[in-house]
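This is the structure I have questions about; it appears just below.
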Amino acid sequence: MTRESTLTIRLCGLDDWQDLRAIRLEALADTPDAYGSTYEESVLWSDAQWKNAASTRLFYLADRDGGVVGMVSGGFNDAHPGTRWLYGMYVTPSERGSGTAALLVRAIDDWARSHGVAEVYLHVTNSVPRARAFYEKVGFRTTGESFRMDRDHSLTLETMVQHLD
Ligand SMILES: CC(C)(COP(=O)(O)OP(=O)(O)OC[C@H]1O[C@@H](n2cnc3c(N)ncnc32)[C@H](O)[C@@H]1OP(=O)(O)O)[C@@H](O)C(=O)NCCC(=O)NCCS
């Protein structure tokens, strides 16, 4: 007998702080160039810092059969008032190519729509071509804006935007 695998996208809350820590540290270790913060600084966070992040910031977690396999965050950008942004996108290697990443994007799109905005923005690093290809596949396009990453000036970030239906 085979059991069907179940994928769930869920909103992260206080009780999920250990799942958030696990998948975020995995992301930072797996693809260090993709993120504005580092594994080295994040692994030093206290439990209280993770609990605070899990309960005050917007994260969606992807679960496959009860184990966390991906994450994404939604938020704002002080340099672009009024806009909504997708941050911290990650799916574990065994989950890539499965469609899970697109479901995480959809969660952010729905959040943005609920705020009445017509676009979602993100930054993508030049050294993660798979991410760039994925974002294009789900409808993001470059805006033409690019800049150096604060913590590592050898990396270039490009801004992409997706127009919501
Ligand atoms: C970015 C990420 C979430 C995308 O999810 P995913 O499941 O891998 O995405 P998909 O497989 O649906 O789409 C990736 C596409 O890029 C293609 N691709 C793979 N490697 C590539 C490469 N080196 N260059 C260009 N395209 C590539 C794939 O073939 C696929 O396109 P296809 O569906 O037309 O075949 C995931 O790869 C990931 O977590 N990567 C590590 C973290 C990361 O880079 N995060 C981005 C932060 S900005």
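Please treat every number below as a calculation from the coordinates, not as lab data. Worth saying up front: this structure is predicted, and the values here are computed from it rather than measured. Every residue, glycine as well, gets a Cβ built from its backbone with ideal geometry; the counts of neighbours run over all protein chains shown.
With (1) in contact (Cβ under 8 Å) with a residue 24 or more places away in the chain; (2) surrounded by 18 or more Cβ atoms within 10 Å (Cβ to Cβ) as the list, and residue 28 as the residue in question, which single condition is left unmet?
Unmet condition: (1).
Kindly check whether there is at least one residue in the range 112-127 that is surrounded by 17 or more Cβ atoms within 10 Å (Cβ to Cβ) and away from the ligand (no atom under 15 Å from the Cβ).
Taking every residue of the range 112-127 in turn, at least one turns out to be surrounded by 17 or more Cβ atoms within 10 Å (Cβ to Cβ) and away from the ligand (no atom under 15 Å from the Cβ).
I'm told residue 79 meets every condition in (1) farther than 20 Å from residue 27 by Cα; (2) touching a residue at least 12 places away in the same chain (Cβ under 8 Å); (3) of a type in the set (A, V, I, L, M, F, W, C) except one. Can you identify the failing condition by its number?
Status for residue 79: all satisfied but (2).
Got a sec? Which of 47, 63 is within 16 Å of the ligand (Cβ to nearest atom), surrounded by fewer than 19 Cβ atoms within 10 Å (Cβ to Cβ) and touching a residue at least 24 places away in the same chain (Cβ under 8 Å)? Don't jump to the end; show me each part of the working.
Numbers: 47 fails: within 16 Å of the ligand (Cβ to nearest atom).
Of 47, 63, the one residue that is within 16 Å of the ligand (Cβ to nearest atom), surrounded by fewer than 19 Cβ atoms within 10 Å (Cβ to Cβ) and touching a residue at least 24 places away in the same chain (Cβ under 8 Å) is 63.
Right, something else. Name the residue that is farthest from residue 100 (Cα to Cα), counting only residues in the range 31-44 that are among the small types (Gly, Ala, Ser) and either surrounded by 14 or more Cβ atoms within 10 Å (Cβ to Cβ) or under 12 Å from the mean Cα position of the chain (by Cα) (or both).
Per the criteria, the residue is 42.
State all residues of the range 141-153 that are within 15 Å of residue 83 (Cβ to Cβ) and surrounded by 13 or more Cβ atoms within 10 Å (Cβ to Cβ); if no residue qualifies, say none.
145
Tell me, please, whether a residue that is outside any loop (DSSP other than H, G, I, E, B), closer than 25 Å to residue 7 by Cβ, within 12 Å of the ligand (Cβ to nearest atom) and under 13 Å from the mean Cα position of the chain (by Cα) can be found in the range 135-153.
The answer is yes; a qualifying residue exists.
Restricted to the range 87-111, and to residues that are within 11 Å of the chain's Cα centre (by Cα) and touching a residue at least 60 places away in the same chain (Cβ under 8 Å), which residue is surrounded by the most Cβ atoms within 10 Å (Cβ to Cβ)?
Looking at the filtered set, the residue picked out is 104.
Only residues in the range 125-140 that are free of Cβ contacts under 8 Å to residues at least 24 places away in the same chain and within 10 Å of residue 105 (Cβ to Cβ) count as the first member; pair them with residues that are β-branched (Val, Ile, Thr) and more than 6 Å from the ligand (Cβ to nearest atom), Cβ under 9 angstrom, at least 6 apart or cross-chain, and list the lot.
These pairs meet every condition: 140/105; 140/120; 140/161.
Shifting gears a bit: Would you kindly identify the helices (runs of 4 or more DSSP H) lying entirely within the range 1-106 that contain at least 2 residues that are closer than 29 Å to residue 118 by Cα?
17-30, 47-56
For the range 154-165, give me each residue that is exposed (fewer than 14 other Cβ atoms within 10 Å of the Cβ), assigned to a strand (DSSP E or B) and of a type outside the set (S, T, N, Q).
163
Only one of (1) without any contact (Cβ under 8 Å) to a residue 24 or more places away in the chain; (2) surrounded by 20 or more Cβ atoms within 10 Å (Cβ to Cβ) is not met by residue 84, so which one is it?
(1)
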